[in-house]
Amino acid sequence: MDSVDAKIDRLSQADLSAALRSLEQASISEQEKDSLLREARSSFNRAIGLEKNFRKAVAYLGLSLVHYHLKDNTNHQQALEKLLLEAPNVSVTQLGMAEALVSSLNHRIFVSNQVLCLLSKNRRIQHRKRIMETVVENSDDIRGFVEIQLAVSTYIRKPVKWMIDMENGNC
């Protein structure tokens, strides 16, 4: 018997799965193409609110693709731009493990947030960047999300917001 968490997880992923099926069906159907694209658009919009990281990036890409095929260039571009505004959803556990790993690699004791606040801004920024890089390296889901964001960033020639914020110390 499935646990409640497993059922909730499947339910939250249903919209993205339905959107991808509708998009695939639209690609092979001439008569129903527009209605299937509109159905996919609705499902991708719902999925964006439910998914995180890699699956959320896929939902934004799918939404952008649907708008492109519906000849809605404004929303096509906007979906790509909104993807670049998203920050990865990193758990407290992932952050803690990454910070411990970064600290051990630097042969330092675990650096608490209070100690980080006492460090110089540049050193604090560098430490946070190393932690985030470690989270990205150790999570396939977040790494895939970041790779999609970087590809979209290059394609539309706009920066990824959270990366710029981190560079500027606004993280």
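How large is log10 I(q)/I(0) at q = 0.12, 0.23 Å⁻¹ when the Debye formula is applied to the Cα atoms of the range 1-94, each weighted equally and without solvent?
One equal scatterer on each Cα of the range 1-94 leads to -0.41, -1.11.
Taking only DSSP H segments of four or more residues, each worth -39500 (n - 2.57), what value at 222 nm results for the chain once the sum is divided by all its residues, to the nearest 500 deg cm²/dmol? Mind dumping the intermediate values first?
Details: 9 runs with 135 residues, N = 171.
After summing the helix terms and dividing by residue count, I get -26000 deg cm²/dmol.
Distance cut-off 20 Å, Cα to Cα: go down the list 56/161; 33/158; 33/82; 52/161 and report the pairs above it. If you can, show how the numbers build up before the last one.
Values: 56/161 16 Å; 33/158 31 Å; 33/82 26 Å; 52/161 16 Å.
Violating the 20 Å Cα-Cα cut-off are 33/158; 33/82.
Residue by residue, what Karplus-based ³J(HN,Hα) values in Hz, rounded to whole numbers, does the range 79-87 have, using 6.51, -1.76 and 1.60 with θ = phi - 60° and x for Gly and Pro?
These are the phi-based 3J(HN,Hα) values: 4, 5, 5, 5, 4, 6, 8, 7, 9 Hz.
Could you work out what % of the accessible surface of the chain is carbon and sulfur, using a 1.4 angstrom probe and leaving DNA, RNA and ligands out of the count?
Values: 5710 of 10690 Å².
The computed percentage sits at 53.
Could you give the accessible area per residue of the range 1-89, probe 1.4 Å, as a whole number in Å²? Display every interim value, and only then the final one.
On the way: 5410 Å² over 89 residues.
In whole numbers, the range 1-89 has 61 Å² accessible per residue.
Separation between the residue 164 and residue 12 pseudo-spin-labels, each 7 Å from Cα along Cα→Cβ, expressed in nm?
2.9
In the chain, if the dipole is taken from +1 on Lys/Arg beta carbons and -1 on Asp/Glu beta carbons about the Cα centre, which of 159, 23, 59 is farthest to the positive end?
Farthest towards the positive pole: 159.
Pick out, from 42, 100, 78, the residue whose Cα sits farthest towards the positive end of the charge dipole of the chain, with +1 on the Cβ of Lys and Arg and -1 on the Cβ of Asp and Glu.
Of the candidates, 100 comes out farthest on the positive side.
What's the Kirkwood radius of the chain in Å, using all Cα pairs? Don't jump to the answer; show the numbers that get you there.
Values: mean 1/r = 0.0556 Å⁻¹.
Across the chain, the inverse of the average 1/r is 18.0 Å.
The values are calculated or read from the model by the stated rules, or taken from the named source; none is laboratory data. What you are looking at is a predicted structure, and each value in this text was computed from that prediction instead of being measured. When we count neighbours, we look across all protein chains shown, and the Cβ atoms used for this are built from the backbone with ideal geometry, even at glycine. Just the protein is used for accessible areas: all its heavy atoms, side chains included, with ligands, DNA and RNA removed. Shrake-Rupley method; radii C 1.70, N 1.55, O 1.52, S 1.80 Å.
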